[in-house]
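**Student:** Here's a structure for you.
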């Protein structure tokens, strides 16, 4: 799967780095982190240790099968605008807070999924992300119910070794995480 992770901070770098074990991943973030990844790859430390070489850039690519949005909630409108020119099949919000999925859906022509993540991450240096705790990714339709798109996203995460649940009750799960 061709995945763009928009928001290569600590969580975005960890999730994107782990996805890069099995998929074509592009991390979208800021320099000097992006520059370090381009030059030396992304080093994952802590509870998971490896070096991966995802693509890294400071702007959104032209297309991807899946966008995973990991920016802070207040940056969601900027992320939605930046991704509006990207040809996407689906977009997954892995963000804290409520309403992010609606903001993304208003700007994108792709199916928008809701998600939660309990993996712990911190980014101590450019080009490095530390996994501070292995958790779980939960994905599902933003309004709840079954979703083939969520199933495909969940399969992609599982294939890369991320503990993943596809859920039909995402509205409740988002409220619980809040």
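**Student:** With just the Cα atoms defining each centre, how far is the stretch 1-19 from the stretch 90-107? Give it in Å.
**Tutor:** Each part reduced to its Cα centre gives a spacing of 16 Å.
**Student:** Taking 0.36 nm per intervening residue step and subtracting the Cα-Cα distance, what contour gain separates residue 159 from residue 143 on full extension?
**Tutor:** Extra length available between residue 159 and residue 143 comes to 3.2 nm.
**Student:** Place a point 7 Å from the Cα of residue 50 along the Cα-to-Cβ direction; which residues of the stretch 23-39 have their backbone N under 11 Å from it?
**Tutor:** 23
**Student:** In nm, give the distance between the simple-model label positions of residue 134 and residue 57, each being 7 Å from the Cα along the Cα-to-Cβ direction.
**Tutor:** It works out to 3.3 nm between the two label points.
**Student:** Also, I was wondering about something else. Answer with a single label: of (i) 16.6, 52; (ii) 14.6, 43; (iii) 16.8, 67, which was calculated as Rg and Dmax of the Cα atoms in Å from the structure in view?
**Tutor:** This structure yields the entry labelled (ii).
**Student:** Using a 10 Å cut-off around each Cβ, can you sort 1, 122, 170 from fewest to most neighbouring Cβ atoms?
**Tutor:** Fewest-to-most Cβ neighbours within 10 Å comes out as 122, 1, 170.
**Student:** Determine the gain in length on full extension of the stretch residue 35-residue 87; use 0.36 nm per residue of separation and subtract their C-alpha separation, reporting nm with one decimal.
**Tutor:** 16.2 nm
**Student:** So, one more: To the nearest 500 deg cm²/dmol, what mean residue ellipticity at 222 nm is calculated for the chain from DSSP H runs of n ≥ 4 alone, each contributing -39,500 (n - 2.57), summed and divided by the residues?
**Tutor:** After summing the helix terms and dividing by the residues of the chain, the value is -8500 deg cm²/dmol.
**Student:** Once you order the gyration tensor axes a ≥ b ≥ c over the Cα atoms, which shape class does the stretch 15-66 get: rounded for a/c under 1.5, otherwise prolate or oblate by comparing a/b with b/c?
**Tutor:** oblate
**Student:** With each pseudo-label sitting 7 Å past Cα toward Cβ, what's the residue 122-residue 72 distance in nm, one decimal?
**Tutor:** 1.8 nm
Here, each number is a calculation from the coordinates, and none is a lab measurement. Keep in mind the model is a prediction, meaning the values are calculated, not measured. Note that each Cβ is placed from the backbone with ideal geometry, even for glycine, and that neighbours are counted across all protein chains shown.
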